[in-house]
1. Would a scan of segment 78-92 turn up a residue that is over 30 Å from Ala197 (Cα atoms), out of contact with any His (no Cβ under 8 Å at 6 or more places or on another chain) and in a helix (DSSP H, G or I)?
2. Just checking, which of Ser181, Ser154, Ser134, Ser158 is farther than 26 Å from Arg107 by Cβ, among the small types (Gly, Ala, Ser) and touching a residue at least 40 places away in the same chain (Cβ under 8 Å)?
3. I need every pair where a residue in segment 195-212 that is among the hydrophobic types (A, V, I, L, M, F, W, C) has its Cβ under 8 Å from the Cβ of a residue that is surrounded by fewer than 19 Cβ atoms within 10 Å (Cβ to Cβ) and in a helix (DSSP H, G or I), sequence separation at least 6 or different chains.
4. Which condition number does Gly61 fail, the rest of (1) more than 30 Å from Asn201 (Cβ to Cβ); (2) out of contact with any helix residue (DSSP H, G or I) (no Cβ under 8 Å at 6 or more places or on another chain) being met?
5. Residues Leu89, Leu74, Leu45: which one is touching a residue at least 12 places away in the same chain (Cβ under 8 Å), under 25 Å from Ile190 (Cα atoms), surrounded by 21 or more Cβ atoms within 10 Å (Cβ to Cβ) and out of contact with any strand residue (DSSP E or B) (no Cβ under 7 Å at 6 or more places or on another chain)?
6. Restricting to segment 1-60, and then to whatever is more than 23 Å from Met110 (Cβ to Cβ) and among the aromatic types (Phe, Trp, Tyr), can you tell me which residue is farthest from the chain's Cα centre (by Cα)?
7. Specify which of the listed residues (Asp138, Asp180, Asp118, Asp210) is at pLDDT below 95, closer than 20 Å to Glu77 by Cβ and not hydroxyl-bearing (Ser, Thr, Tyr).
8. Quick one: count up the residues across segment 16-48 that are out of contact with any Lys or Arg (no Cβ under 7 Å at 6 or more places or on another chain) and more than 24 Å from Val64 (Cα to Cα).
Amino acid sequence: MYFFKTPALFKYLYPNVIWQGDRNKKQIFLTFDDGPVPGITDYVLDVLSEFGIKATFFCVGENVAKHPATFERLLYEGHGVGNHTYNHLDGWKINLQVYLDNIYQSRDTMINHGYSSDYFLFRPPYGKLKKGLSNRIDNNFKIIMWDVLAYDFSTKISAERCLQESIKHTRNGSIVLFHDSQKTIQKLKIAIPQYIAHFLNENYEFCRIDALFLH
């Protein structure tokens, strides 16, 4: 079963994390997980630049360390940045303190490569939120989930379906999840430009996640 739209039950079980933006505003929060990856993240950045919009990238710290130039490019071009652990860990399979240390290692790596903020965005890999994390993580972290998942990583979902389902389930304030990784690039080339063009034609604004916290 594919949950292109996050079930309400998940939001009920985890009410203290952010699943979506304001349903009364024609805003979309486009996000990408698992990068930065040279060539692939660069492709996404090129498309975003072509359309003149911003997105948020939830980066794996190890990839930041390996590919600092790509990470620094997305910062330079004004996109949002989030933490996706240092080693893309499954939070349900690892000790909480080890998991926390991995998150902080990723944060420090991003800071060392030019990232700065009054708070940090965090998205758990696989959407698996470690029990007790929200009580233990530093107060300046904001945990971000999503309400539309493109399934661009699935070998069983075509690029066309990825595009169609993403458009179908996007609403005002949707946080939409794609991936800038090797296994998604062919789908991204089809889905991302058409997805963006569709909603720009519908007069939506594409925003960074941190727009949710600006007053």
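1. Within segment 78-92, the subset over 30 Å from Ala197 (Cα atoms) is 85-92.
When the remaining residues are screened for being out of contact with any His (no Cβ under 8 Å at 6 or more places or on another chain), the result is 85-92.
Okay, now just the ones that are also in a helix (DSSP H, G or I), so 91-92.
Yes, there is a match, as at least one residue in segment 78-92 is over 30 Å from Ala197 (Cα atoms), out of contact with any His (no Cβ under 8 Å at 6 or more places or on another chain) and in a helix (DSSP H, G or I).
2. Values: Ser181 fails: farther than 26 Å from Arg107 by Cβ; Ser134 fails: farther than 26 Å from Arg107 by Cβ; Ser158 fails: touching a residue at least 40 places away in the same chain (Cβ under 8 Å).
Step by step, each of Ser181, Ser154, Ser134, Ser158 is checked, and only Ser154 is farther than 26 Å from Arg107 by Cβ, among the small types (Gly, Ala, Ser) and touching a residue at least 40 places away in the same chain (Cβ under 8 Å).
3. Ile196/Val47; Ile196/Phe51; Ala197/Phe51; Phe199/Ile167; Leu200/Phe51; Phe206/Phe51; Phe206/Leu200
4. (2)
5. That would be Leu45, the only listed residue that is touching a residue at least 12 places away in the same chain (Cβ under 8 Å), under 25 Å from Ile190 (Cα atoms), surrounded by 21 or more Cβ atoms within 10 Å (Cβ to Cβ) and out of contact with any strand residue (DSSP E or B) (no Cβ under 7 Å at 6 or more places or on another chain).
6. Restricting to residues being more than 23 Å from Met110 (Cβ to Cβ) and among the aromatic types (Phe, Trp, Tyr), the top hit is Tyr12.
7. Details: Asp138 fails: closer than 20 Å to Glu77 by Cβ; Asp180 fails: at pLDDT below 95; Asp118 fails: closer than 20 Å to Glu77 by Cβ.
Checking each option against the conditions leaves just Asp210.
8. 10
The values are calculated or read from the model by the stated rules, or taken from the named source; none is laboratory data. What you see is a predicted model, and the numbers here were worked out from it, not measured in a lab. FYI the Cβ positions are ideal-geometry reconstructions off the backbone, even for glycines, and counts take in every protein chain you see.
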